[in-house]
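Note sheet for the following structure.
The values are calculated or read from the model by the stated rules, or taken from the named source; none is laboratory data. Remember, it's a predicted structure, so these values are computed and weren't measured experimentally. In this analysis, Cβ positions are derived from the backbone assuming ideal geometry, glycine residues included, and neighbour counts consider all displayed protein chains. Only protein heavy atoms, including side chains, enter the accessible area calculation; ligands, DNA and RNA are left aside. Shrake-Rupley method; radii C 1.70, N 1.55, O 1.52, S 1.80 Å.
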Amino acid sequence: MRHEPAQSPHVLRGLAVEARNVTKAYGDRVVLNDFSLDMRPSEFVALLGRSGSGKSTFLRVLGALDGDVEGRVWVPRRRAIVFQEPRLMPWLSVLRNVTLGLPQTRAVKDHGLTTLAEVGLESRADAWPRTLSGGEAQRVALARAMVRDPHLLLLDEPFGALDALTRIRMHGLLRALYQRHRPAVLLVTHDVDEAILLADRILVLTDGRISLNAPVDLAAPRGLSDPRFGALRRRLLTELGVDAA
Ligand SMILES: Nc1ncnc2c1ncn2[C@@H]1O[C@H](COP(=O)(O)OP(=O)(O)OP(=O)(O)O)[C@@H](O)[C@H]1O
Ligand SMILES: [Mg+2]
């Protein structure tokens, strides 16, 4: 597998992500079965699939966290991942968590503070992670990803553990961050409405293959009152094997 620098073939072809014939197996169990994917720069793609369908594996392959795959993957060098749980270091302040792994210069610290302000948490820069709510901790995790100015942002059910109201606020925050910075985004989610609200394109993963690839062609602001929202929702739920009658 190759993760190439800027002048690689996929960049010359105008793509942010190019995955070709990727197969991933754990022993005899084939989890990803010969899938291919192109993503344009700044494209927002949501990935749906039943539990165990291979979504997180897919994301780990694009994040180069899982090297042992067949096929070819080109992704930007600047990429960042957010998981369902915030994964903050409890012994580091909020700001130090955001700038983790970066040189601790004045410029990096200032950029960290600016990014914390973007997620509404500048005033918590010196706080300890254990003093944050679940939603706040996840906003810090988003800031830690965005501070790297990623060309590819990988999100693995980032709002899955949050209550419904907090999740709605996080949708607004993610949309604002996306519109300001325009990374390519791959959002893994269980939530069909979240996918339709946020994404340009929705993929459904079934048995390790992309079984549906649907552009989301709805006018903003997207809402449940749009009949085409309901139609796409039913189509996705059917593909996921949920009776949506
Ligand atoms: N390290 C591993 N070793 C063996 N099998 C694994 C490993 N990681 C994942 N699997 C298996 O691969 C399959 C896909 O797992 P994956 O975590 O990608 O699913 P998922 O779609 O993200 O599920 P969920 O929605 O529950 O998060 C599962 O059957 C899982 O048991
Ligand atoms: Mg998963």
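Some notes on this structure:
- Multiplying the residue separation of residue 242 and residue 176 by 0.36 nm and removing their Cα-Cα distance gives an extension gain of 20.6 nm.
- Relative packing of peptides 129-139, 27-37 - highest average C-beta neighbours within 10 Å first: 129-139, 27-37
- For the stretch 2-239, a simple Cβ point-charge model (Lys and Arg +1, Asp and Glu -1, everything else neutral) yields a dipole of about 360 debye relative to the Cα centre.
- Sorted from longest to shortest, the spans of the Cα atoms of the stretch 2-239 along the three principal axes equal 46, 44, 35 Å.
- Taking 47, 218, 116 as the candidate residues, the one with maximal mean-square fluctuation in a Gaussian network model of the chain, Cα springs under 10 Å, is 218.
- Residue-wise HN-Hα couplings along the stretch 71-84, as the Karplus relation 6.51 cos²θ - 1.76 cosθ + 1.60 with θ = phi - 60° gives them from phi, are x, 10, 9, 10, 9, x, 5, 7, 9, 9, 10, 10, 9, 4 Hz; Gly and Pro carry x.
- The distance from the alpha carbon centre of the stretch 190-245 to that of the stretch 74-123 is 31 Å, rounded to a whole number.
- Note that the chain presents 49 Å² accessible area per residue, ligands and nucleic acids not counted, probe 1.4 Å.
- Within the accessible area of the stretch 2-239 (1.4 Å probe), percent carbon and sulfur: 51 percent
- Integer Hz, Karplus 6.51/-1.76/1.60 couplings in order for the stretch 112-126, x for Gly and Pro: x, 5, 4, 5, 4, 5, 5, 9, x, 10, 4, 6, 9, 3, 9
- In sequence order, the stretch 194-199 has phi-based couplings of 4, 4, 5, 5, 9, 9 Hz under the Karplus curve 6.51 cos²θ - 1.76 cosθ + 1.60, θ = phi - 60°, and Gly or Pro positions carry x.
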